[in-house]
1. Any idea which of 376, 389 is within 22 Å of residue 124 (Cα to Cα), of a type in the set (A, V, I, L, M) and out of contact with any Gly (no Cβ under 7 Å at 6 or more places or on another chain)?
2. So residue 252 fits all but one of (1) at pLDDT 85 or above; (2) surrounded by fewer than 21 Cβ atoms within 10 Å (Cβ to Cβ); what number is the exception?
3. Do we find that residue 10 is touching a His at 6+ places or on another chain (Cβ under 8 Å), modelled with pLDDT of 85 or more and of a type in the set (A, V, I, L, M) in this structure?
4. Test each condition in (1) touching a helix residue (DSSP H, G or I) at 6+ places or on another chain (Cβ under 7 Å); (2) surrounded by 18 or more Cβ atoms within 10 Å (Cβ to Cβ) for residue 273 and report the one that comes out false.
5. Go through the range 122-141 residue by residue and tally those that are modelled with pLDDT under 90 and under 25 Å from residue 357 (Cα atoms).
6. Kindly establish whether residue 89 is out of contact with any Cys (no Cβ under 7 Å at 6 or more places or on another chain), at pLDDT 95 or above and assigned to a helix (DSSP H, G or I).
7. Could you pull out the residue among 104, 45 that is in a helix (DSSP H, G or I), in contact (Cβ under 8 Å) with a residue 24 or more places away in the chain and surrounded by 15 or more Cβ atoms within 10 Å (Cβ to Cβ)?
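The values are calculated or read from the model by the stated rules, or taken from the named source; none is laboratory data. Since we're looking at a predicted model, the values are computed, not measured. Positions of Cβ are backbone-derived with ideal geometry, glycine not excepted, and every protein chain shown enters the neighbour counts.
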Amino acid sequence: MIESLRSRVVASLSPRMYYGWPMVGVAALCLFCSGPGQSHTFSVFIQPITQSLGVSKASIASAYAIATLFAAFLLPHAGRLLDRYGPRLTLVGLSCLLGVACLFFGAAANFMWLAVGFAALRFLGQGATMMSAANLVSQWFLSKRGFAMSLMGFGFAASMAIHPLLGELLIDKIGWRMAWVCLGLMTWVLMLPVLLLIVHDRPEAVGLRIDGQSAVTPTDNESVDEPVVEGLTVQEAKADRAFYLLCAVWFVVGGLITVLQFFQVTVLSDKGLDDSFGARLFTVSALTAVITMPLIGRVYDTVKTRFVIAIQLCLIATALVAITFVTGFASGAVYAIIFGLCTAFMLTMFGYLWPRYFGRAHLGSIQGQGQMVGVIGASLAPVPVGFAIDRFSNPDMTLYALAVLSLVTAVVTVKYLRTPTGIKAPAGLE
């Protein structure tokens with residue numbers, strides 16, 4: 001019955017639009033529903049959890065970091081499941097497990113329980129769900145993939161805007177434990193019906209072509225071969241220099257974006273500015289990202305990819321320097337806008353690069369390997385900045401050093417990154 005309903009949905013919508021666009025909407029919804037596994041949601045639960053369980057904030061931060069690192073090493077396994085079962089069934093399984101993880105976390109009775117809950121939520125939400133959503137969009141788009149990925153990023157921006165406020169409201173009304181029960185139920189209600197009734201893994205599965213290209217109709221005496229989904233295997237990808245360059249890019253981007261997210265309030269507070277001032281700058285950055293993401297998506301579709309990556313890395317370097325010069329509203333707004341641009345580039349880049357350089361055939365396995373490196377970077381990069389704050393009470397020189405690292409990565413990317421043999425680069429993007 002479900003298969004019949006899914007077929008009827010495709011038959012109803014396909015004459016009106018390319019069916020890949022509804023898939024972008026589903027992917028955006030999945031990114032929104034990944035909110036229970038994201039840092040911006042956890043932030044509002046730290047205080048009530050410390051009071052309820054009697055654990056220190058330092059202990060929670062340590063558990064969170066270790067859980068994030070643990071989740072990173074599970075991503076290659078999730079990638080292989082993606083290749084085996086496709087994004088639809090994978091997302092169905094992830095949504096079920098993410099809801100269970102929310103219920104489990106809300107019942108946490110001690111530190112170990114809390115740590116396991118962190119690991120489950122980080123892997124299922126921030127890791128595997130986001131990766132699977134990006135994989136779904138990648139299967140449906142090629143020439144407009146950058147634009148499609150930028151629209152998918154709206155789901156993450158909506159989560160940043162809604163989940164912290166929703167979390168605070170639920171904590172005030174029903175307590176932090178029941179708040180997690182509500183988040184789990186909301187995950188099931190929002191994700192499962194859509195995934196079961198609307199999603200198809202690839203355009204070829206419903207007689208369509210990627211990007212909505214016209215299918216060839218056979219004559220009475222001719223037949224048309226099924227379109228071949230091209231792409232390198234994991235072993236072939238690892239044999240090419242591009243794989244390691246992109247892993248390095250993701251390590252740097254994931255790590256340095258996390259540094260700015262994690263320490264923004266702390267760095268600005270140490271400069272004599274209110275904590276609320278640093279928190280409000282996140283709103284400016286989020287608004288900047290929402291406004292600019294569609295434009296950045298178009299940039300990815302029309303400008304040589306290695307130059308777009310270099311622009312992203314240069315913007316991150318600029319943000320790392322700019323935050324050290326914030327003294328008030330004007331300089332703070334400039335920094336926040338630059339950081340918003342960094343976020344918009346990252347959200348678009350998140351799902352764009354791996355299919356761009358390695359194709360779709362074994363995308364999940366390759367994504368899993370690459371995203372693992374990015375999450376490891378997010379776990380490790382804040383460490384030297386935290387050390388500088390504790391030891392010297394001033395992280396400026398460390399931030400400058402990280403800015404240099406970002407610029408060096410940009411130069412290396414422009415000089416050496418090329419499309420692997422066996423993959424055809426989109427016109428004008430090599």
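1. Only one candidate qualifies: 376.
2. (2)
3. Numbers: touching a His at 6+ places or on another chain (Cβ under 8 Å): yes; modelled with pLDDT of 85 or more: yes; of a type in the set (A, V, I, L, M): yes.
The answer is yes for residue 10.
4. (1)
5. 2
6. On the way: out of contact with any Cys (no Cβ under 7 Å at 6 or more places or on another chain): yes; at pLDDT 95 or above: yes; assigned to a helix (DSSP H, G or I): yes.
Here the answer is yes, as residue 89 does meet what is asked.
7. Of the residues listed, the single one that is in a helix (DSSP H, G or I), in contact (Cβ under 8 Å) with a residue 24 or more places away in the chain and surrounded by 15 or more Cβ atoms within 10 Å (Cβ to Cβ) is 45.
The rows are residues; the columns are (1) touching a His at 6+ places or on another chain (Cβ under 8 Å); (2) at pLDDT 95 or above; (3) more than 20 Å from residue 108 (Cβ to Cβ).
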{"site": "153", "(1), (2), (3)": "no, no, yes"}
{"site": "156", "(1), (2), (3)": "no, no, yes"}
{"site": "160", "(1), (2), (3)": "yes, no, yes"}
{"site": "164", "(1), (2), (3)": "yes, no, no"}
{"site": "168", "(1), (2), (3)": "no, no, no"}
{"site": "179", "(1), (2), (3)": "no, yes, no"}
{"site": "189", "(1), (2), (3)": "no, yes, yes"}
